[in-house]
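Structure, as structure tokens:
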Amino acid sequence: MSTKTSETTDQEIVGKNSIIPNYIGGQWVHSEATNQLHVANPATGDQLGQVPLSTPKDVGAAVESAERAFPAWRQTPAVERARVLFRLRALLDEYADELAVSLTREHGKTRSESRGEIQRGIENVEHACGIPSLMMGESLEDIAPGIDCETIRQPLGVFAVITPYNFPVMIPLWFWPYAVATGNTVVLKPSEQDPLTHQRIVDLAAEAGLPPGVLNVVHGDQATVSALLEHPDIKGISFVGSSEVAKIVYAHAAAHGKRVQALGGAKNHMIVMPDAKYDRVAQAINDSVFGSAGQRCLAGSVVVGVEDAFEPIRDKILERAAGLRLGYGLDEDVDMGPVISARHRERVRNYIGQGVEEGGTLLLDGRDARVESYPQGHWVGPTVFEDVKPESAIGRDEIFGPVAALTHAKSLDEAVELMQRSQYGNATSIFTTSGRAAREFRYKAGISMIGVNIGVAAPMAFFPFGGSRGSFYGDLKAQGRDAIEFYTDKHVVISRW
Ligand code: NAD
């Protein structure tokens with residue numbers, strides 16, 4: 001258990017009763033909302049501010065501002081748009097440590113996890129800096145005698161970006177830098193649970209030269225999102241969140257004529273073959289399952305030991321999990337922070353209880369975890385189950401907490417079959433020293449993000465990020481070339497002179 005060593009309290013950082021402003025037309029403005037939600041530090045319980053539940057009128061003002069900014073921004077040459085992003089990249093690098101502290105305060109992840117998240121965000125800004133090349137079209141002479149054909153990519157107008165709480169810096173940066181690099185304008189609706197750090201990034205974007213109205217922010221929850229999905233002047237929606245909401249957003253936005261990419265939840269299987277190097281594998285699996293207190297869409301959740309792999313991998317995972325130090329992410333020597341809220345902690349605890357009721361064997365129980373210096377924190381300790389049935393709640397549902405569900409399979413085929421019973425298909429990993437087993441797994445898995453001897457199969461900015469089956473609604477994913485496809489329309493010009 002850690003001791004309190006962070007010098008400043010949260011109240012010194014932001015006024016605890018202050019209402020978090022929206023950002024419209026280059027100005028921080030107050031929402032019309034009469035209702036607010038509290039934003040609190042999940043480790044200390046200190047209030048950080050209040051998030052307004054912005055109204056359709058607020059959304060209308062943000063969209064109008066984005067619409068107004070669009071023609072001039074579209075006409076700004078791609079190299080100049082890229083220069084703004086180059087400057088933003090430098091500023092993000094310069095302020096990365098300050099941003100990491102703010103991120104840990106509002107989310108709870110450790111300082112090094114926050115720093116890692118910011119780095120992943122920066123990499124997306126870097127990738128978007130290549131927009132003059134990325135946005136090029138194609139051409140072919142003489143598609144018929146004397147006739148040439150070319151495609152040009154054009155921005156569409158205003159996009160909305162709606163993001164979850166678990167990566168409040170990185171996930172907005174999966175989207176809006178590409179949307180603005182391609183010449184569109186944006187309304188961002190961050191998670192209402194931890195909206196503060198991105199406010200600072202919006203200021204840095206303005207400092208980098210992003211013109212007023214190109215990026216706007218409205219805070220809120222479900223009703224604010226509905227106003228965005230229904231707004232006639234929004235051309236497309238980039239969404240990340242739980243599968244339940246992703247499915248609703250996908251259908252709702254499509255019904256209003258928009259293009260949509262909606263990334264959902266996960267139940268990631270980690271398959272350990274008997275020829276794997278158990279020590280290294282156990283470390284990779286523990287980092288995957290317990291990193292960020294299990295609140296990652298790429299977190300390992302079900303660990304499948306194939307044949308003789310089960311017992312040794314179980315014992316090593318258990319030993320490491322029991323040694324993890326829980327605490328406030330800004331303190332020294334902390335491995336795992338709290339979960340985001342008291343409500344979420346109850347949800348995770350209930351799943352653990354249900355796991356026991358449904359016949360799982362609880363080897364390590366994190367329900368009663370405490371951190372003495374922070375009695376108000378939303379603590380859940382590392383939890384490990386074995387004998388988990390795939391149809392039980394802890395074998396089936398996304399828990400989004402530090403819970404490992406261990407099970408065994410007689411063969412790789414059986415492990416794959418077990419994994420494919422899941423409604424989700426976000427990520428999976430195999431651990432093996434056999435190239436043949438790895439290839440077979442890759443061929444059959446049917447899951448979009450695959451790790452081979454990697455516990456967190458996170459595609460970097462220049463590759464697409466997104467799952468399959470119930471983990472993803474849409475066709476074009478986040479990041480990579482897909483981002484350019486999503487935010488542009490291809491126009492074909494056929495010419496004869
Ligand atoms: P969430 O679905 O509760 O919220 C996501 C966003 O949707 C928020 O901005 C929220 O305000 C809004 N929202 C919530 N309910 C809504 C509704 N009924 N209608 C319209 N909008 C609504 O998700 P969360 O708890 O913030 O984030 C965790 C989830 O996100 C997990 O399921 C996790 O797996 C998923 N996630 C997925 C990826 C991925 O790449 N697939 C990445 C990160 C997180």
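The values are calculated or read from the model by the stated rules, or taken from the named source; none is laboratory data. Here the structure is a predicted model, which is why all the values come from computation and not from measurement. Glycine gets a Cβ as well: all are built from the backbone with ideal geometry, and neighbour counts include every protein chain shown. The area values use the complete protein model at the heavy-atom level, side chains included, leaving out ligands, DNA and RNA. Shrake-Rupley method; radii C 1.70, N 1.55, O 1.52, S 1.80 Å.
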Just to confirm the filter: which trypsin sites (Lys or Arg not before Pro) across the stretch 394-497 are DSSP coil and have at most 13 other Cβ within 10 angstrom of their Cβ?
Lys410, Arg421
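Quick one: net charge of Phe310's neighbours, Cβ under 11 Å, K/R +1, D/E -1?
Values: positive: Arg314, Lys410; negative: Glu307, Asp308, Glu311, Asp315, Glu386, Asp387.
Cβ neighbours under 11 Å give a net charge of -4.
Compute the FRET efficiency between Ser434 and Gln283 as 1/(1 + (r/R0)^6), taking r as their Cβ-Cβ distance and R0 = 25 Å, and round to the nearest 0.05.
Details: r = 20 Å, r/R0 = 0.80.
After rounding, the FRET efficiency stands at 0.80.
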CD proxy at 222 nm, helix term only [per DSSP H run n ≥ 4: -39500 (n - 2.57); per residue of the chain; nearest 500]:
-12000 deg cm²/dmol
Report, to the nearest whole %, how much of the accessible area of the stretch 268-452 belongs to carbon and sulfur atoms, 1.4 Å probe, protein only.
44
In nm, what is the difference between 0.36 nm times the number of residues separating Ile147 and Phe86 and their Cα-Cα distance?
18.1 nm
Tilt relative to the chain, helix 170-181 - C-alpha long axis, 0 to 90 degrees, to 10:
20
For the residue pair Lys57 and Glu311, what label-to-label distance in nm results when each label sits 7 Å from Cα along the Cα-to-beta-carbon direction?
7.0
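Of all the Cα-Cα pairs you can form in the stretch 225-285, what percent are over 14 Å apart?
On the way: 1132 of 1830 pairs.
Result for the distance tail: 62 percent.
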Can you give the angle from 0 to 90° between the axis of helix 96-107 and the longest principal axis of the chain, with both taken from C-alpha atoms, to the nearest 10?
60
Charges at C-beta only: +1 for Lys and Arg, -1 for Asp and Glu. How large is the resulting dipole of the chain about its Cα centre, in Debye rounded to 20?
640
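Please give the peptides 180-187, 449-456 ranked by average Cβ packing (other Cβ atoms within 10 Å per residue), highest first, as a rough proxy for protection. List each step's numbers first, then the result.
Numbers: 180-187: 26.5, 449-456: 19.2.
Ranked from most to least packed, the peptides come out as 180-187, 449-456.
When a/c is below 1.5 the answer is rounded, else prolate if a/b is larger than b/c, else oblate, so apply that to the stretch 348-488 with a ≥ b ≥ c taken from the square roots of the Cα gyration tensor eigenvalues. Present the calculation step by step, with values, prior to reporting the outcome.
Values: a/c = 2.09, a/b = 1.37, b/c = 1.52.
Since a/c reaches 1.5 but b/c is at least a/b, the shape of the stretch 348-488 is classed as oblate.
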How are the C-alpha pair distances of the stretch 83-192 spread across 5 Å bins, as whole percents from the shortest bin up?
2, 12, 17, 18, 16, 11, 7, 5, 4, 3, 2, 1, 1, 0
Rounded, prolate or oblate: which one fits the stretch 268-452, using the alpha carbon gyration tensor with axes a ≥ b ≥ c (rounded when a/c is under 1.5, else prolate when a/b beats b/c, else oblate)?
prolate
Alpha-carbon centroids, the stretch 191-221 and the stretch 328-404: separation in whole Å
32
Name the residue from Thr383, Tyr443, Met419 whose Cα lies farthest towards the positive end of the charge dipole of the stretch 268-452, charges +1 on Cβ of Lys and Arg and -1 on Cβ of Asp and Glu.
Tyr443
Surface accessible to a 1.4 Å probe, per residue, for the residues of the chain, Å²
41
Check cross-link reach from Lys235 to the lysines: straight Cα distance under 23 Å, and skip same-chain residues fewer than eight apart.
Lys57, Lys189, Lys247, Lys258, Lys477, Lys490
I want to check the label-to-label distance for His256 and Ile450. Put each point 7 Å from Cα in the C-beta direction and report it in nm to one decimal.
3.8
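What is the chain by shape, rounded, prolate or oblate, if you read a ≥ b ≥ c off the alpha carbon gyration tensor as root eigenvalues and call it rounded for a/c under 1.5, prolate for a/b larger than b/c, and oblate otherwise?
Working: a/c = 2.00, a/b = 1.29, b/c = 1.55.
In terms of gyration-tensor shape, oblate.
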Cα-based helix-to-principal-axis angle, 196-207 vs the chain, degrees rounded to 10
30
Under 5 Å between amide H atoms, partner at least 5 residues away or on a different chain: which partners does Gly157 have, H built in plane at 1.01 Å?
Thr185
Sorted by average packing, counted as other Cβ atoms within 10 angstrom per residue and highest first, what order do 263-272, 378-387 take?
263-272, 378-387
Which whole-Hz ³J(HN,Hα) couplings does the stretch 136-151 yield from phi under the Karplus relation 6.51 cos²θ - 1.76 cosθ + 1.60, θ = phi - 60°, glycine and proline marked x?
4, x, 10, 8, 9, 6, 6, 5, 8, x, x, 10, 10, 9, 9, 10
Whole-angstrom gap from the stretch 127-160 to the stretch 424-495, using each part's C-alpha centre:
24
Only bridges with both residues in the chain count here: give the DSSP antiparallel percent, nearest 5.
40
Taking the Cβ of Gly359 as the center, what net charge do the other residues with Cβ under 9 Å away carry, scoring Lys and Arg +1 and Asp and Glu -1?
-2
